[in-house]
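The values are calculated or read from the model by the stated rules, or taken from the named source; none is laboratory data. Quick caveat: nothing in here was measured; it's all calculated off a predicted structure. Glycine also receives a Cβ, built like all others from the backbone with ideal geometry; neighbour counts cover every protein chain displayed.
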Amino acid sequence: MSFPVEFCVLSLGILMLLADSFFPSINKRTLAHTAIVWLAVFLAATFFLQPSPLWASPGGFYETDALGLFFKRFALVSTILTLVLAIEYAPVVERFIPGSRPGAGLGEFFTLPVFTCAGLMWMASAADFVMIFCALELVTISFYIQVAYMRRNMASLEAGTKYLILGALSTGFLVYGITWIFGMTGQTGLRGISTVLGMVPVASQTAILFGLGLVLVALGFKVAAAPFQFWVPDVYQGAPTPVTAFLSVASKAAGFVVLMRVVDAFLVAPALQAKLVPALGFLAGLTLVYGNLAALPQTNMKRLLAYSSIAHAGYLLVGVASVGSPAAGRAIVFYLLAYLVMTFLAFLVLIPVSKAAGGDEISDFNGLGRRAPGMAFAMLIAMLSLAGLPFTVGFLGKFFIFEAAMRQQHFVLVVLGVVTVACGFYYYLKVVRAMYWQPAPEDAPPVLASPLTRFTAAFLVTLILILGVYPKPILDFLP
Amino acid sequence: MSPLLFLILVPLVAAAFIMVGSNARLTALVGSAASLVFVLVLTALYRQGSEQPYQFVSSLPVIPSMGISLTLGADGLSLLMLLLASLVTVAAVAVAKTPEKNPHLFYASLMFISAGVLGAFASVNLFFFYMFHELALIPTFLLIGIWGSGDRQAAAWKATIYLALGSFVLLLGLIGLYLIQPDGMRTFDLPAIIGMADAGLLPEGNWIYLLLLVGFGILVSLFPFHTWAPQAYASAPAPAAMLHAGVLKKFGLYGLIRIAAPIFPDAVVQFSNLLLVMLVGNILYVGYVTISQRKLDWMLGYSSVMHMGYIFLGFAALNTVSLTGASLMLFAHGISIAALFALCGEIRERTGTLDFAELGGLAKPMPAFGLLFGFAAMAAIGLPGFVGFAGELLVFFGSFVAGEPLMGVTAGGKELFQFNNYQIATICAVWGVVISAVYMLRAYRRVFFGPLNDRWSGLGEISGPARIAIAALIVVMLVTGFFPGLLVKLIESSAL
């Protein structure tokens, strides 16, 4: 039984848009709640029905493997969480988009992530460069709008412009790289390329390598790997917070799926492998060092999370550089899952705190341990997990990555990884220090969060702790 | 439920009760006393000389494909450490002064540290052995950072980052230990790995041993990775310093004795010179640094770093006598330093200063206090009658006979005698006993004797739970000092 899950999500988005335009009086939050319910239904349906494109394409551009399926669920979960964040964040959006009626502009704010979700799901299954390109553009273009969404806010506009320019640049790299690869192999499908690679004359391997390098640059932009990370801090800081979370989790994860598929296809040629693995290792090392060192002096929470997202891209790239080890794929997927849970939890606490304080500096967290003990505890767990403390899921993610890297004898990367983990302890614990060591300001307003946010935060905390001690259910389930 | 899992859950449940708002101090006291009683019962039930070294074993598979399971078990050595941990926890809670700000978090943190150390010492699976140790990292950070004194923020950062780095180096060592096992048999189960090492299935693992040595070394404040320790202990509130210096820090040495000694004996011998230099650094260099301290808390912090050198010597010599001595010293040092930090905290509480120049003559207003401090200081030096003496003696005997004897006859017929490196290190260590006598007795004299400053004439005597707890620690040291056989028998059964 097959089930075109992407089209269902796309239809949901279109219906939401129609509802928003034909029934302007509808409560926008109800719209978002409905979307959450439907996305949850689709998520449940993927466990019983085989997702497929509407038309059959054996060995073609659409891969229906376990990895793709896993990331479709990943995209659905992160979209649901983004919508939860967006509902909590709605008052801020309303403030920056003054309209004739209450809730103006909120409809699209809740709808755009749904379209992005469809793009992410196509990306998860894309096995052809043309398909990869189209899915990537669907995702990226919907993100351009979301990042610049609060059009009366200069920071948001600036972030949107930066993201647009650098995103367009990376698209250019991607298309140019695909052209070179197509020119040398005559194929755009990843399977076709890996069959043809063995027959390509040695003389044209340099050209393929050049093309592959360009594709890696483009994907480096998407996953925020150094030295293609310049856009990250400004865009993350300026974008509306739910969009930042969505961008840093789902967009990065989809980038990694594509990266894994592309790297996998090109590894068959030993000559390419000998060049590709050191290049990935170099990217990983640079990203680790840059992300972690640059995070140290940050005082703004969103910027801190931006640099932390670069740092985590570094650990994930260590996993990608260890492909070839049977454990690497599983390690990356587990790490991404851990990253999803802990990053969304951090953003989930950030939104009510910054709404109360009117900013998102780390000092706005001062004394949160006394002002809102529950929220502070959730943030504590999120930070410890991001830092990689045992008994949290973040530790197991790092453990699997290091194990895979040591199997492949990437000792330099592992040492870099360990030293940067120690840096991580410093900057994540800065938030803990603010919450527990520092006294609260006298006039600190109360931190209020909706029941849905509280429930989701409690759920994510439980998930972090349970998976940190007993990851077996998830590990059995991984592709 | 398995008894050891229950033991670990007791402080965790106590912490949960404290966090939801029960009487913090009372709950912590009851919880820690319950674990002490429970450990005593387990020790009584432990069958010495049985075929199975590990008893009370229970196992819960977590990631079976990687040989990771929550396997708990205890043999003689781990029981000794569990005794130490639960004893010091009770004392730490007893002497704790309930802070004004956030008392619930304070006692819950103490309970978390307790759960972490109990879990680490009761774990047979290396993965959980590691995990449980880390459970104590964040409570320590919070305890020093929130309720510490002096430059507490810097101390908390430094200690936390050092310990995080050390533990990740250790993690690499453990992953390496996992990966050198033959494919298909890989596991984190310690007895299984030792079995493989005995059967000769493990290749040479020099670099893994070095990773373990540096990782554990940072955690134990092995010279030159020791600078975090004195600062952290000087700033920490007394219960945190007691638990950390007394128990948590022992984790690293316990790990080396447990893992490195049986699995990599060749590597230990091969790198013995490196370790000997570092441990002599602990004893002599840090020893002289200790003498020069002008404040009691810093002096105690450095002295706890210095004493680790003896235990490292026992480990480096790698024979039954020296390892038994090292194990005894883990216990002895844990209790004596806990008593000293408790007393030091009481002095800070009363006078607000720990500067030797400002203190003096305190034995006049507080004779019982002075007596307790005297006993604790003498126990720390390792005078006969205290269990530390037995430990030091065994370590020195064991290490003096370690290594190849450099004796023979020259071509001219002259008898040639040269000390080998172990013997030189042992001689340095014996000199270290003199050093520790110097700084301990000087501190004792400067704080408790000499002219009494008028400011201190009205000081109140030590009383209540703190007095009972510290006296109990000293009684334990005296009893086991006169009958060290009690503990040695326990250690023997774990076949070092």
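Taking the numbered list (1) over 30 Å from B:L9 (Cβ atoms); (2) of a type in the set (S, T, Y); (3) at the interface with chain A (Cβ under 9 Å from one of its Cβ atoms) in turn, B:S167 passes all entries but (1). Report yes if A:R370 is among the basic types (K, R) and closer than 21 Å to A:A250 by Cα, otherwise no. Here the answer is no, as A:R370 does not meet what is asked. Taken together, A:A422, A:A444 contain a single residue that is of a type in the set (G, A, S) and closer than 30 Å to A:G285 by Cβ, which is A:A422.
Just to be sure before I move on: is A:T179 of a type in the set (S, T, N, Q) and outside the structural domain of A:K252 (by TED's automatic domain parsing) in the structure I sent? Yes; evaluated as a whole, the condition is true for this residue. What are the residues in region A:309-352 that are over 17 Å from A:K252 (Cβ atoms), modelled with pLDDT under 90 and in a helix (DSSP H, G or I), if any? If the condition is that a residue be over 17 Å from A:K252 (Cβ atoms), modelled with pLDDT under 90 and in a helix (DSSP H, G or I), then A:P326, A:A327, A:A328, A:R330 are the ones that fit.
Taking the listed residues A:A284, A:A274, the one that is without any contact (Cβ under 8 Å) to a residue 12 or more places away in the chain and either under 22 Å from the mean Cα position of the chain (by Cα) or surrounded by fewer than 20 Cβ atoms within 10 Å (Cβ to Cβ) (or both) is A:A274, with no other qualifying. Total residues in region A:177-223 satisfying the condition of being outside any helix (DSSP H, G or I) and modelled with pLDDT of 90 or more: the figure is 0. When B:L172 is tested against (1) closer than 19 Å to A:V431 by Cβ; (2) at the interface with chain A (Cβ under 7 Å from one of its Cβ atoms), only condition (1) is not met. All conditions but one from (1) within 10 Å of another protein chain (Cβ to nearest Cβ); (2) buried (at least 23 other Cβ atoms within 10 Å of the Cβ); (3) β-branched (V, I, T) apply to B:V62; the one that does not is (2). Residues in region A:356-375 that are under 19 Å from A:V92 (Cβ atoms) and assigned to a loop (DSSP other than H, G, I, E, B) were compared, and the one that is nearest to the other protein chains (Cβ to nearest Cβ) is A:A372. Each residue in region A:1-54 was checked for being at pLDDT below 90, within 15 Å of A:F110 (Cβ to Cβ) and not aliphatic (A, V, I, L, M), and 8 of them qualify. If you filter region A:385-396 down to residues that are facing chain B (nearest Cβ under 10 Å) and part of a helix (DSSP H, G or I), you find that the one that is farthest from A:I474 (Cα to Cα) is A:A387.
Selection of first residues in region A:416-444 that are in contact (Cβ under 8 Å) with a residue 24 or more places away in the chain and away from chain B (no Cβ under 11 Å) and of second residues that are surrounded by fewer than 21 Cβ atoms within 10 Å (Cβ to Cβ) and of a type in the set (K, R), restricted to Cβ pairs under 7 Å at least 6 apart or on distinct chains, gives the following pairs, ordered by first then second residue: A:A440/A:R370; A:A440/A:R371; A:A444/A:R371. Would a scan of region B:404-418 turn up a residue that is assigned to a loop (DSSP other than H, G, I, E, B), free of Cβ contacts under 8 Å to residues at least 40 places away in the same chain and under 25 Å from B:V247 (Cβ atoms)? Taking every residue of region B:404-418 in turn, none turns out to be assigned to a loop (DSSP other than H, G, I, E, B), free of Cβ contacts under 8 Å to residues at least 40 places away in the same chain and under 25 Å from B:V247 (Cβ atoms). Within region B:42-54, not a single residue is touching a residue at least 60 places away in the same chain (Cβ under 8 Å) and surrounded by 23 or more Cβ atoms within 10 Å (Cβ to Cβ). Here A:A378 passes the criteria (1) within 9 Å of chain B (Cβ to nearest Cβ); (2) more than 18 Å from B:I63 (Cβ to Cβ); (3) over 19 Å from the mean Cα position of the chain (by Cα) except the one numbered (1). More than 30 Å from B:A92 (Cα to Cα) and more than 13 Å from chain A (Cβ to nearest Cβ) - does that describe any residue in region B:138-151? No: region B:138-151 contains no residue that is more than 30 Å from B:A92 (Cα to Cα) and more than 13 Å from chain A (Cβ to nearest Cβ). Out of region B:66-107, which residues are of a type in the set (F, W, Y) and either away from chain A (no Cβ under 14 Å) or not in a helix (DSSP H, G or I) (or both)? Matches in region B:66-107: B:Y107 only. Would you confirm whether or not region A:397-407 contains a residue that is more than 10 Å from chain B (Cβ to nearest Cβ), within 26 Å of A:P297 (Cα to Cα) and either among the aliphatic types (A, V, I, L, M) or in a helix (DSSP H, G or I) (or both)? Scanning region A:397-407 turns up at least one residue that is more than 10 Å from chain B (Cβ to nearest Cβ), within 26 Å of A:P297 (Cα to Cα) and either among the aliphatic types (A, V, I, L, M) or in a helix (DSSP H, G or I) (or both). B:L441 satisfies every condition listed in (1) within 22 Å of B:L354 (Cα to Cα); (2) at pLDDT below 85 except (2). Of B:A332, B:A357, B:A368, B:A376, all but one fail to be of a type outside the set (K, R), in contact (Cβ under 8 Å) with a residue 24 or more places away in the chain and touching a Leu at 6+ places or on another chain (Cβ under 8 Å); the exception is B:A376.
Of the candidates B:L330, B:L354, the single residue that is buried (at least 21 other Cβ atoms within 10 Å of the Cβ), touching a strand residue (DSSP E or B) at 6+ places or on another chain (Cβ under 8 Å) and not aromatic (F, W, Y) is B:L354.
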